[in-house]
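Throughout, read-outs are computed from the coordinates displayed, never taken from laboratory work. Quick caveat: nothing in here was measured; it's all calculated off a predicted structure.
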Amino acid sequence: NSVLLKGINTDKQSLISFLDFLFDNNVKAVHLLELLVKKDQKDFYKYYESIEEIEKKIKALSSMFNSKQIEKTNKKTVYILQRDDKCITVTLCRLRCRCGCSGCTEENDIKIGADMILHPCYLKDVNCGNAVMNLEKAIKKREEYLKSQEMDYFYNALYWGK
């Protein structure tokens, strides 16, 4: 996972250097994350850059490698980048809280903390009303979401049983 910070590592040269490092070191996959800024962290807004802007910047570098989009959801966009005989799976992840969207119960991975409590959202002190605090309900909701997707998506993502 790498967090993208506006003005620090999202300019063209930083992205080129980062991707070169990944290719040169045979890294197979990377998650590029938006900076998650909560309402009370106003000082950090200046570092926030949307994943859509990052996607545009990576597409602008397409002369340096071949890129193919292989998945797109509300939560993430996945590309395969290829340079010579090397490939990297790049997942662009949205982390901003979209209160009221139900994304936390549909698209997010099921996260269980060391406290053995389900954490449906990255924001531990936010409860938008969609967060399911019961693991059985969360798994059922996730299964319903996956079953509503195309067959390939369902079989690749539903990993906890039949």
(message) Suppose the chain between D24 and E143 were pulled fully straight at 0.36 nm per residue; how much longer would it get relative to their current alpha carbon spacing?
(response) 39.0 nm
(message) Explain nothing, just compute: Karplus ³J(HN,Hα) = 6.51 cos²θ - 1.76 cosθ + 1.60, θ = phi - 60°, for every residue of segment 32-37 in order, whole Hz, x for Gly and Pro.
(response) 9, 10, 5, 6, 8, 10
